[in-house]
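Scroll down for the structure; my scribbles are underneath it.
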Amino acid sequence: MDTSRENGFLKVKDVCAILNITPHTLRYWEKEFSEFLRPHRSTGGHRLYDDHQIRRLLEIKHLLKDRYFSIKGAKIYLQHDSGRGRRSIQSSPDPEPNKSTPIRREKQRWYDLAILGGVPAFEKPLHVGMPNIGDQDRFLKQAAEILQQRRLTNNGPLVQRFEEEIARLIGVKHVVATCNATVALEIAIRALDLSGEVIVPSMTFVATVHALWWQQIQPVFCDVNPHTYTLDPSCVVRKITSRTTGIIGVHLWGRPCAVDALEEIARHYRLKLLFDAAHALYTSYKGRLVGQFGDAEIFSFHATKFLNTFEGGAIATNDDSLAAKVRLMRNFGFAGKDHVIYIGTNGKMNEMAAAMGITSLESLQHFVDINYRNYTWYRKLLDGIPGIRLIPYDEREINNYQYIVVEVDPERAGLNRDQLVALLERENVLARRYFYPGVHRMEPYRTLFPDAGLQLPVTEALVERVMTLPTGTAVHPEDIRLIAQIIRLAVRHSKQLTVKFNQLNAEKMIA
């Protein structure tokens with residue numbers, strides 16, 4: 001690993017690379033372990049670290065990976081350890097995610113590619129959104145206790161604990177856990193008395209819009225900002241009519257919306273403001289964690305998300321009356337035994353899902369560190385490939401780094417996004433076109449609003465150019481190296497591959 005030293009000291013970016021942690025995690029450790037970590041500072045104000053401090057950081061990392069050590073326990077260990085009998089702490093590469101080493105096949109020549117008849121690079125499919133799994137023993141212990149107690153659902157103790165821990169994590173007063181995020185959206189929409197028209201992006205998962213149409217609310221599609229890929233506030237203002245009752249912003253790929261601008265618009269026009277934060281748990285906007293904005297924010301804990309409960313969702317809000325209302329609605333409107341006071345549905349999270357969520361929360365920082373490691377590998381290995389741009393994260397903010405999103409410029413790459421997705425799929429790399437083709441091109445919306453695309457030029461271009469690549473705890477740096485190698489090889493030999501794609505297209509037409 002290339003590192004730059006200044007008078008024998010390492011800079012923050014190099015320390016993070018060595019430890020496979022984010023700058024945010026490093027700052028957090030400095031705060032929590034300040035008595036053990038005193039970074040030197042250069043005249044330019046940069047934090048610098050010597051070899052002794054690196055060893056201390058490595059020790060802290062290994063202590064915190066041990067499930068018996070909390071932050072407090074690690075402090076006590078470091079405080080009372082005299083240096084004798086200290087367990088050996090060594091830096092080593094992260095182990096492979098599976099017990100058996102996966103089979104990978106190098107792609108050195110363009111005609112080795114599977115689309116040209118070569119053997120796939122990966123023996124087993126490499127998915128986008130392979131679940132992050134925490135401590136399995138801890139989960140199984142909680143699962144056994146659930147079965148012994150026979151309290152499986154109906155706002156059990158683990159659901160309540162999970163809600164409290166999420167609320168504490170994101171700094172919000174109320175979190176109401178649900179069976180999934182779509183139901184959470186539907187409940188929040190009804191609880192806020194939305195009707196008529198609601199402004200929403202088309203660049204989102206279809207459930208965001210279905211939750212409106214399911215309740216006979218007309219979605220008004222709005223374009224996204226070409227730099228942030230989230231709702232364009234200037235477009236939102238142009239879409240407001242006398243029938244508009246609300247706005248739903250989507251924190252796409254964990255990148256927060258222009259929250260301040262949307263909140264100001266909502267205040268000015270007296271509209272309700274919801275955020276679909278399905279991708280955005282443990283991400284921040286101007287230093288504040290997502291979950292605190294608008295009238296409410298909706299999280300997803302689906303298996304593919306950064307933190308999962310198998311299936312699950314949650315409504316986060318600082319509004320006391322709204323929180324009380326959605327709690328009623330989540331449980332058929334019951335306000336006690338045999339006492340229904342409001343229309344509701346069955347949107348409850350069960351105890352087993354909550355146990356998975358609690359177990360996942362215990363590994364949250366580990367998930368972030370692995371995702372950040374993978375992001376930095378992709379950033380390094382995809383750099384310099386013509387027409388391939390990794391969409392960056394703002395590292396001044398807190399990020400979960402769950403989505404590796406690449407924008408493909410077909411003129412520079414020589415291949416378009418769909419061709420690269422098809423090529424990767426043959427190699428058992430199941431890249432995804434999030435979110436193709438745009439909700440406005442899906443039914444029933446394309447029939448109801450056939451001209452919507454004319455007012456969505458940025459969305460129309462974006463859905464044809466972006467793809468997401470595998471990451472998460474199931475993906476190893478060696479996987480990333482091989483994926484990047486395949487993409488680089490394909491772009492370098494795009495002319496030869498274009499001939500093959502033309503041949504495949506002709507065969508489809510004949511068939």
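Tell me which of these Ala143 doesn't satisfy, since it passes every other one: (1) within 28 Å of Thr471 (Cα to Cα); (2) assigned to a loop (DSSP other than H, G, I, E, B); (3) among the small types (Gly, Ala, Ser).
(2)
Can you find even one residue in region 398-415 that is polar (S, T, N, Q) and farther than 30 Å from Ala167 by Cβ?
For region 398-415, residues polar (S, T, N, Q) and farther than 30 Å from Ala167 by Cβ: absent.
Run down Tyr269, Tyr229 and say which single residue is under 29 Å from Glu464 (Cβ atoms), of a type in the set (Ser, Thr, Tyr) and either outside the structural domain of Val326 (by TED's automatic domain parsing) or at pLDDT 95 or above (or both).
Going through Tyr269, Tyr229 in turn, just one is under 29 Å from Glu464 (Cβ atoms), of a type in the set (Ser, Thr, Tyr) and either outside the structural domain of Val326 (by TED's automatic domain parsing) or at pLDDT 95 or above (or both): Tyr229.
Based on what the data block shows, is Ile315 in contact with a helix residue (DSSP H, G or I) (Cβ under 6 Å, 6 or more places away or on another chain) and either over 26 Å from Leu289 (Cβ atoms) or at pLDDT 95 or above (or both)?
On the way: in contact with a helix residue (DSSP H, G or I) (Cβ under 6 Å, 6 or more places away or on another chain): yes; either over 26 Å from Leu289 (Cβ atoms) or at pLDDT 95 or above (or both): yes.
Spelling it out, Ile315 is indeed in contact with a helix residue (DSSP H, G or I) (Cβ under 6 Å, 6 or more places away or on another chain) and either over 26 Å from Leu289 (Cβ atoms) or at pLDDT 95 or above (or both).
Quick check: is even one residue across region 184-192 in the same structural domain as Ala266 (by TED's automatic domain parsing), under 25 Å from Thr283 (Cβ atoms) and over 25 Å from the mean Cα position of the chain (by Cα)?
Within region 184-192, the subset in the same structural domain as Ala266 (by TED's automatic domain parsing) is 184-192.
Those still in the list that are under 25 Å from Thr283 (Cβ atoms) too: 184-189, 191-192.
Now drop any that are not over 25 Å from the mean Cα position of the chain (by Cα), which leaves 191-192.
Looking through region 184-192, at least one residue is in the same structural domain as Ala266 (by TED's automatic domain parsing), under 25 Å from Thr283 (Cβ atoms) and over 25 Å from the mean Cα position of the chain (by Cα).
Going residue by residue through region 145-168, is there one that turns out to be touching a Ser or Thr at 6+ places or on another chain (Cβ under 7 Å) and surrounded by fewer than 18 Cβ atoms within 10 Å (Cβ to Cβ)? Give the steps one after another, and end with the answer.
Let us first name the residues in region 145-168 that are touching a Ser or Thr at 6+ places or on another chain (Cβ under 7 Å), namely none.
No, that holds for no residue.
Name the single residue that is nearest to Tyr375 (Cα to Cα) among those in region 122-144 being surrounded by 15 or more Cβ atoms within 10 Å (Cβ to Cβ) and of a type in the set (A, V, I, L, M).
Step one: list which residues in region 122-144 are surrounded by 15 or more Cβ atoms within 10 Å (Cβ to Cβ), which gives 122, 126-134, 138-139, 142-143.
Next cut, of a type in the set (A, V, I, L, M) only: 126, 128, 130, 133, 143.
Numbers: Leu126: 16, Val128: 13, Met130: 16, Ile133: 19, Ala143: 33 Å.
Across region 122-144, the extreme among qualifying residues is Val128.
For region 35-47, check the following and say yes or no: at least one residue is at pLDDT 75 or above and of a type in the set (A, V, I, L, M, F, W, C). Step through it out loud before you land on a result.
So in region 35-47, the residues at pLDDT 75 or above come out as 47.
If we keep only those that are of a type in the set (A, V, I, L, M, F, W, C) as well, we get none.
No.
Taking region 135-183 on its own, how many of its residues are among the small types (Gly, Ala, Ser) and either in the same structural domain as Thr473 (by TED's automatic domain parsing) or in contact with a strand residue (DSSP E or B) (Cβ under 8 Å, 6 or more places away or on another chain) (or both)? Spell out the reasoning first.
Taking region 135-183 and keeping what is among the small types (Gly, Ala, Ser), we get 143-144, 156, 167, 171, 177, 181.
Filter once more, keeping what is either in the same structural domain as Thr473 (by TED's automatic domain parsing) or in contact with a strand residue (DSSP E or B) (Cβ under 8 Å, 6 or more places away or on another chain) (or both): 167, 171, 177, 181.
The total comes to 4.
Need a quick list: strands (runs of 3 or more DSSP E) entirely within region 302-411 having at least 3 residues that are out of contact with any Ser or Thr (no Cβ under 9 Å at 6 or more places or on another chain), crowded, with 16+ Cβ neighbours inside 10 Å and not assigned by TED's automatic domain parsing to the domain that holds Val183.
Values: elements: 313-317, 388-390, 404-408.
Filter on region 302-411 gives 388-390.
The values are calculated or read from the model by the stated rules, or taken from the named source; none is laboratory data. All values derive from a computational prediction rather than experimental measurement. So basically every Cβ, Gly included, is an ideal-geometry build from the backbone, and we count neighbours across all protein chains shown.
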